[in-house]
Amino acid sequence: MSAGNGRLIAVASGKGGVGKTWLSITLAQALAQRGLRVLLADADFGLANVDVQLGIHPSIDLMNVLTGRASFKGAVVRHEEGGFDVLPGRSGGTAMANLPTEAIEHVGLLMRSAANAWDVVVLDLGAGLAAGNRHLAAVADTLLVVTTDEPTSLTDAYAVLKLHGRDRPDGDARLVVNQARDEAAGRRTAAALQHACRTFLRRNLPVAGILRRDDRVPDAIRKQAPLLLRYPNSMAAMDATALARAL
């Protein structure tokens with residue numbers, strides 16, 4: 001992957017609590033370990049928490065960029081241990097949570113431009129079907145939809161895929177099953193959603209990866225340490241590495 005030909009990967013979920021932000025962080029680190037220049041951008045408007053999970057305390061964030069108080073690259077901070085760059089978002093602000101359409105489109109343009117400066121931009125979207133999430137999912141080269149085996153998670157993931165199909169009929173959307181009991185259980189979860197997509201959306205849904213449930217994941221999150229640093233030989237770390245390799 002050469003400069004100017006970077007890839008924009010958006011990570012989405014229909015509901016919260018499925019490990020979307022953790023997956024975005026871990027994927028960014030796994031891609032960086034493969035020698036790629038990676039930017040992790042927090043685009044969870046109003047509920048950003050990439051900085052919290054990484055234990056960083058940025059003074060400048062995406063909102064400063066949108067208001068013209070900082071340049072894009074001026075807001076980017078380096079996570080030295082993880083080997084990737086971070087564009088922090090802002091949490092708890094009504095301005096970010098209620099961005100007008102033109103501001104959302106501007107964010108999309110910023111992220112596409114960032115793909116000219118980094119090999120890969122991993123875009124952590126907010127959970128749900130808000131307009132901002134839909135727009136950025138459609139702008140991305142690849143959309144990863146994260147689900148677990150919970151029925152509500154599967155239903156909401158289907159809704160994300162349904163709307164993405166409308167917004168980007170030719171889009172590259174792939175499924176990531178997180179917190180699977182084991183590989184076989186993850187495959188069964190994926191198969192259920194794949195069947196629904198083929199039947200009702202007339203859409204094939206490739207599986208990008210299956211990440212097994214691992215007690216070391218919540219421990220790493222509590223310690224605000226990337227999993228591949230704290231537990232590089234854990235099951236989830238190996239699965240995340242396989243996901244990066246597949247992408």
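Bear in mind these aren't lab numbers, they're just calculated from the coordinates by the rules spelled out. What you see is a predicted model, and the numbers here were worked out from it, not measured in a lab. A quick note on method: Cβ atoms are made from the backbone with ideal geometry, for glycine too, and the neighbour counts reach across all protein chains shown.
For the reader, a short list of remarks on this structure follows.
- Using R0 = 30 Å, the C-beta based FRET efficiency linking residue 49 and residue 202 works out to 0.25.
- Applying the criteria of a DSSP loop state and at most 10 other Cβ atoms within 10 Å to the trypsin sites (Lys or Arg not before Pro) of the range 147-239 yields 202.
- Each peptide in 15-21, 79-85, 25-31 was scored by the mean count of other Cβ atoms within 10 Å over its residues; highest first, the order is 25-31, 15-21, 79-85.
- FRET efficiency, residue 129 to residue 184 (Cβ-Cβ, R0 35 Å, nearest 0.05): 0.70
- Listed residues 43, 148, 228: farthest to the positive end of the dipole of the range 7-246 (Cβ charges): 148
- Among the trypsin sites (Lys or Arg not before Pro) in the range 35-101, those located in a DSSP loop and surrounded by at most 12 other Cβ atoms within 10 Å of their own Cβ are 69.
- Check: the chain dipole with +1 on Lys, Arg Cβ and -1 on Asp, Glu Cβ, in debye: 440 debye
- Here is the P(r) of the chain: all C-alpha pair distances, binned every 10 Å from 0, give 8, 34, 38, 18, 2 in whole percents.
- Segment residue 67-residue 152, length gained on full extension (0.36 nm per residue, minus Cα span): 26.9 nm
- Taking the convex hull of the alpha carbon positions in the range 133-191 and averaging its projected area over all directions gives 4.0 nm².
- FRET efficiency for the pair residue 224 and residue 192, taken as 1/(1 + (r/R0)^6) with r the Cβ-Cβ distance and R0 = 35 Å, rounds to 0.55.
- Pairwise label distance in nanometres, residue 141 with residue 116, each label 7 Å out on the Cα-Cβ vector: 1.5 nm
- The chain: relative contact order as a whole-number percent, Cα under 8 Å and 6+ apart: 27 percent
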